[in-house]
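A quick write-up on the structure given underneath.
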Amino acid sequence: MKHLIASAMLAATVALAGFPATADSPVHLRGEVDAVSGSTFELTPFGGQQTEVGWTTTTRFASLKAAQLSDIKQGMFVGTAALPQPDGTLKALEIHIFPESMRGTGEGYRPFPQVKQGTMTNATITNMTGSSGTTTDGGKTLTLTYKDGRQTVIVPPNAPIVLLGPGDASMLTAHAKVSVTATKDAAGKLTATRLLIGLDGATPPI
């Protein structure tokens, strides 16, 4: 699970119905599971047409549950897909909270190609202010510190917040909402390399 990186998760209110792909490029899908059979499942991407996705023994699974802005605490290790702002801060599209067992996963700051001009920061919250501090709309301002630097992230009050956790294939059930990173072979077959599964009706934000 330490190898689960943010590009598989989570993150944003943008629905990823899939990108044009060659046999060598990854495909990103986000949608609802229609049915599961053996080591394959039928997926209807948000805004797309039903497609079949398989998985193997090397596929990495994770789960998520819905959380709230109030669940974010200083000292937590979190990740966020965000957009750069003119003042040099980042505006969070979502926040995913890692359990302590996954601290350090994908640590750092990098581009997030699933969102135009998007960034991804996985880091520790070393400072946090709320509506009585630098924000006035009920959101939070986070200082995210990683090995080589830090970022200031503005979290709007309506940003999706999720709690990540371990996962396995048994969590893949009809009507579950999932985020998938997959490979596509020359015949068009999709095989998941990473699967993020929403529990209790939760929807992966990206």
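Computed from the coordinates by the stated procedures, all read-outs in this text should not be read as laboratory data. Values in this document were obtained by computation on a predicted structure and should not be read as measured data. Every residue, glycine as well, gets a Cβ built from its backbone with ideal geometry; the counts of neighbours run over all protein chains shown.
Count the DSSP beta bridges whose two residues both fall in the range 67-163, then state the antiparallel fraction as a percent rounded to the nearest 5. Write out the running numbers ahead of the final one.
Working: 28 of 33 bridges.
Roughly 85 percent of the DSSP beta bridges within the range 67-163 come out antiparallel.
Counting other Cβ atoms within 10 Å, keep those with at most 16, restrict to DSSP loop, and tell me which trypsin sites (Lys or Arg not before Pro) in the range 135-167 are left.
Within the range 135-167, the qualifying trypsin sites (Lys or Arg not before Pro) (loop, at most 16 other Cβ atoms within 10 Å) are Lys147.
Within the range 59-134, list the trypsin sites (Lys or Arg not before Pro) lying in a DSSP loop whose Cβ has at most 10 other Cβ atoms in a 10 Å radius.
For trypsin sites (Lys or Arg not before Pro) across the range 59-134 that sit outside H, G, I, E and B with at most 10 neighbouring Cβ atoms in 10 Å, the list reads Lys73, Lys116.
Classify the range 135-206: rounded, prolate or oblate, from the alpha-carbon gyration tensor (a ≥ b ≥ c, eigenvalue square roots; a/c under 1.5 rounded; otherwise prolate if a/b is larger than b/c)?
Because a/c hits 1.5 or more and a/b exceeds b/c, the range 135-206 counts as prolate.
Kindly state, to the nearest 0.05, the FRET efficiency for Ser25 paired with Asn127, given R0 = 35 Å and r defined as their beta-carbon distance. Working shown, then result.
Values: r = 38 Å, r/R0 = 1.09.
The computed FRET efficiency comes out at 0.35.
Using only the C-alpha atoms of the range 82-205, find the volume of their convex hull and express it per residue in Å³.
Value for the range 82-205: 145 Å³ per residue.
Tell me, what HN-Hα J-couplings in whole Hz come from the Karplus equation 6.51 cos²θ - 1.76 cosθ + 1.60 at θ = phi - 60° for each residue of the range 40-56, using x for Gly and Pro?
9, 8, 8, 10, 9, x, 4, x, x, 9, 4, 9, 9, 10, x, 9, 10
Excluding Thr181 itself, what net charge comes from residues whose Cβ is under 13 Å from its Cβ, given Lys and Arg +1 and Asp and Glu -1?
+4
Restricting to lysine pairs 8 or more places apart or on different chains, what number in the range 49-206 have Cα atoms under 17 Å apart?
Here the count comes out as 5.
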